[in-house]
1. List the residue pairs whose Cβ atoms are under 9 Å apart, where the first residue sits in region 29-48 and is within 17 Å of ASN2 (Cα to Cα), the second is of a type in the set (Val, Ile, Thr), and the two are 6 or more positions apart or on different chains.
2. Of the conditions (1) among the basic types (Lys, Arg); (2) without any contact (Cβ under 8 Å) to a residue 24 or more places away in the chain; (3) loosely packed, with under 12 Cβ neighbours inside 10 Å, LYS61 fails just one. Which one is it?
3. In this structure, does LEU28 turn out to be of a type in the set (A, V, I, L, M, F, W, C), under 11 Å from the mean Cα position of the chain (by Cα) and at pLDDT 95 or above?
4. Quick one: would you say ASP16 is assigned to a helix (DSSP H, G or I), at pLDDT below 95, acidic (Asp, Glu) and surrounded by 10 or more Cβ atoms within 10 Å (Cβ to Cβ)?
5. Please work out which one of (1) closer than 20 Å to LYS12 by Cα; (2) out of contact with any helix residue (DSSP H, G or I) (no Cβ under 8 Å at 6 or more places or on another chain) is the condition LYS33 fails and give its number.
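The values are calculated or read from the model by the stated rules, or taken from the named source; none is laboratory data. All of these numbers come straight from a predicted model, not from anything done at the bench. Glycine gets a Cβ as well: all are built from the backbone with ideal geometry, and neighbour counts include every protein chain shown.
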Amino acid sequence: MNYSDLKDKSSKELTDLLKEKKVLLFELKAKLKTMQLTNTSELRVAKKEIARIQTAITAVKA
């Protein structure tokens, strides 16, 4: 997911997407703690997607 994909979305869509990604990050962290996560780079990708979404939300508010 690129920033250019996000900047066309509305504020409501972005907040919904942010909630989904935060839930995904929580699930990934739980899998990591229980040794069920095999690809740990998914954590990094999820965090970066959350940061991109938050940046887009800030840009919409400004």
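1. none
2. (2)
3. Working: of a type in the set (A, V, I, L, M, F, W, C): yes; under 11 Å from the mean Cα position of the chain (by Cα): no; at pLDDT 95 or above: yes.
Judged against the criteria, LEU28 is not a match.
4. no
5. Only one criterion is unmet by LYS33, namely (1).
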